[in-house]
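J.: The structure is given below, and queries will be raised subsequently.
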Amino acid sequence: MSEVDLAVLDDSAKDRSDPKILTSMQEIDLALKECGVGWFHVLLLSSALVGLIAGVLVTNTTPYILPIAECDLNMSLLQKGLLNAVPYIGMTLVSIIAGFLTDTFGRKIFLVSGFGGLFLFSVVAGSSQTYEVLVMAKFFEGILFAISFSPALTITSEFCYKEIRDRVVLLRSSFMAIAQILIAAMSWGILSQNWHHSLFNGYIELYVWNFYIYLMSLWSLLAFLFYIILPESPKFYITQGKFREARNVVIKIYTVNTGKPAETFKYINLWKEKEKQYIDETPERTKGSTITHQLVTGLHNVKTMFKKPLVLYLLLISAMNFLSMVLYNVIRLWFPQLSAIVEHYSNVDGVQDLCGMLDAYTSDVRIRSANSTPSDVCVPTRSGDETYINSIILGFVAIVPFVLSGVLVNRVGKKNLYIAAGAISVCVTFAIRWARSKVAVVALFSLDAAISQTMIGLFQALTLEVFPTTTRTLAISFIMTSGRIGTLVGNVLFPILLNMGCAVPFYTLTGVMICVTLMSLFLPKS
């Protein structure tokens, strides 16, 4: 790819002296608008849904197996926190380099390899017999999820024209809530069983949680198949000067969506002149075909992200995402465990609120640990029906803010919506500590998770708008890496803070959200 081609990389024509001259990105936006919305977008969103469920399972299977597998794997409270956090270590290590490579070599190759590898390591996790093997498998699941997450978000947005992009991104983010509902329902149906199978004369013992992970791994296999079918992003093809491939993808979208022959497409001859000009640059084209040159060009394109104002937005959004993910993933990942505790300790004499229940649980754990002997039989705090029902309720509640934000985002703006969501989250997080009934606990946790999830969706939409195509996936990777570090920190600190006293983690999380809300005042208007 030559320096001449860098003009096609710009998403905006704001800097152009002649407003009548459209960039290639503006031309493809018009072409995608002509394609309309149809069956191709059904396939696109179905792929996004299945891929998101597969990705959520990387971290969501752990909270559901913690209560039932604590004895089989001999886990302490701190080990549970580490198991919750370890996928994020893997994600953090590779997210940024994966984002750069995705912007350089394309979205599809990382989607296919990421979800295919995720399926294989999910099978390894399901076969694990020790805590160490499960931790290792979850670590590699985190790596493979990081490889596939950013390109999945990017490719979804890049198949949409500007007028519907924000709504599609928010709709995709709402799939988190749908994933929460489906995963909770499947977990309820599977983990309530008493399956146990022994292989090779007892060398391998498969309990219900092993079968649970096996069955959940099918989602990543399905995502792998979906993304094999989907084409590469036409916007990525344009950044590589592959105008013919980009045109063929857009024509395919048109024929699938409208059912009309390609000859009726208004933009069937789009970019043919640019394609001829590009082909005529023979020496540069030969040079551009090498991997080394692609990497050099990719590094050249990245420079724009580290200049003002983009670098300031990158730092601000990354810092806010770090803090937001501390809250969201602590609430989400610890909810099944906390719900099981509430289910068992809500009727204990003298226990008045959530903190009373949690303090009673941690006290019992310390007493059992201090008085345990080798002959004692471990009895897990197995989740009852209420835990799964509560998780399903949490998922349904999370859909509501996405519906409201989808309606309001174009009228109010992403920044104003984010500030309002942050203020609500502060109040709800502070109130959780004082919840005095099961209903109040579920309601507050559900609302907090729903608002936090919507804030993350607004983050993603804002990032896709602010950063150009050539650095978009890398920017998302930077921002998501900061969020994953926040998740890692939150999940390791939460049990430590909980041992110090129930009020400590909830007051800390409230302070975190106050900081996020104040920082959101400096976001760009959108």
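J.: Roughly to the nearest percent, how much of the accessible area of region 115-182 is carbon and sulfur, given a 1.4 Å probe?
T.: For region 115-182, the apolar C and S fraction of the accessible surface comes to 75 percent.
J.: Per-residue counts of other Cβ atoms within 10 Å, averaged by peptide: what ranking do you get for 123-131, 230-238, 181-189, 330-338, highest first?
T.: Numbers: 123-131: 17.3, 230-238: 22.9, 181-189: 19.0, 330-338: 25.3.
The densest-packed peptide leads the list: 330-338, 230-238, 181-189, 123-131.
J.: Taking 8 Å as the Cα distance limit and 6 or more residues as the minimum spacing, I'd like the relative contact order of region 88-209 as a percentage.
T.: Numbers: 105 pairs, mean separation 32.0, N = 122.
Computed over region 88-209, the figure is 26 percent.
J.: Further question on the same structure: Residues of region 432-475 with amide nitrogen under 20 Å from the 7 Å Cα-to-Cβ point of Asn416?
T.: Within reach of a label on Asn416, which here means backbone N under 20 Å from a point 7 Å along Cα→Cβ, region 432-475 contributes 454-463, 465-466.
J.: Under a 5 Å amide H to amide H cut-off, with H placed in plane at 1.01 Å, what residues pair with Gly384 once short-range neighbours are removed?
T.: none
J.: How long is the gain from Leu206 to Asn248 if the chain were fully straight, where each residue apart is worth 0.36 nm and the alpha carbon distance is subtracted? Show your work: numbers first, answer last.
T.: On the way: separation 42, 0.36 × 42 = 15.12 nm, distance 4.89 nm.
Value of the extension gain: 10.2 nm.
J.: Here is a follow-up. Enumerate the amide H contacts of Ile204 below 5 Å, restricted to partners 5 or more residues apart or on another chain; note that Pro and chain-start residues carry no placed amide H.
T.: Amide H to amide H, under 5 Å and 5 or more residues apart or across chains, Ile204 pairs with Leu199.
J.: Now for a separate question. Taking only protein heavy atoms into account and a 1.4 Å probe, give the accessible area per residue of region 398-524 in Å². Present the calculation step by step, with values, prior to reporting the outcome.
T.: Numbers: 4280 Å² over 127 residues.
Normalised by residue count, the accessible surface of region 398-524 is 34 Å².
J.: Applying 1/(1 + (r/R0)^6) with R0 = 41 Å to the Cβ-Cβ distance of Arg366 and Leu316, what FRET efficiency is obtained, to the nearest 0.05? Intermediate values should be presented prior to the final figure.
T.: Details: r = 42 Å, r/R0 = 1.02.
Between Arg366 and Leu316 the formula returns 0.45.
J.: In nm, to one decimal, how far is the Phe396 label point from the Lys303 one, both placed 7 Å along Cα→Cβ?
T.: 5.6 nm
J.: Going down the list Lys33/Lys266; Lys162/Lys414; Lys108/Lys415; Lys162/Lys235, which pairs span over 20 Å between their C-alpha atoms? Before the final figure, lay out the partial values.
T.: Values: Lys33/Lys266 11 Å; Lys162/Lys414 15 Å; Lys108/Lys415 31 Å; Lys162/Lys235 13 Å.
Pairs exceeding 20 Å: Lys108/Lys415.
J.: Take each of the peptides 311-319, 507-515, 452-460, average the number of other beta-carbon atoms within 10 Å over its residues, and list them starting from the highest. Don't jump to the answer; show the numbers that get you there.
T.: Values: 311-319: 17.3, 507-515: 19.0, 452-460: 26.2.
In decreasing order of mean packing, 311-319, 507-515, 452-460 become 452-460, 507-515, 311-319.
J.: Could you check the spin-label model distance between Leu93 and Phe105? Points 7 Å from the Cα along Cα→Cβ, value in nm.
T.: 1.8 nm
J.: Measuring from label point to label point, each 7 Å out along Cα→Cβ, what is the Met500 to Val256 span in nm?
T.: So the label points at Met500 and Val256 sit 5.1 nm apart.
J.: Another question, if that's okay. Quick one: order Asp353, Asp72 from most to least accessible surface, probe 1.4 Å.
T.: Numbers: Asp353 20, Asp72 65 Å².
Solvent-accessible surface, decreasing: Asp72, Asp353.
The values are calculated or read from the model by the stated rules, or taken from the named source; none is laboratory data. Everything numeric here is computed off the predicted structure, so don't read it as measured data. Glycine also receives a Cβ, built like all others from the backbone with ideal geometry; neighbour counts cover every protein chain displayed. Note: areas computed on protein heavy atoms with side chains; ligands, DNA, RNA excluded. Shrake-Rupley method; radii C 1.70, N 1.55, O 1.52, S 1.80 Å.
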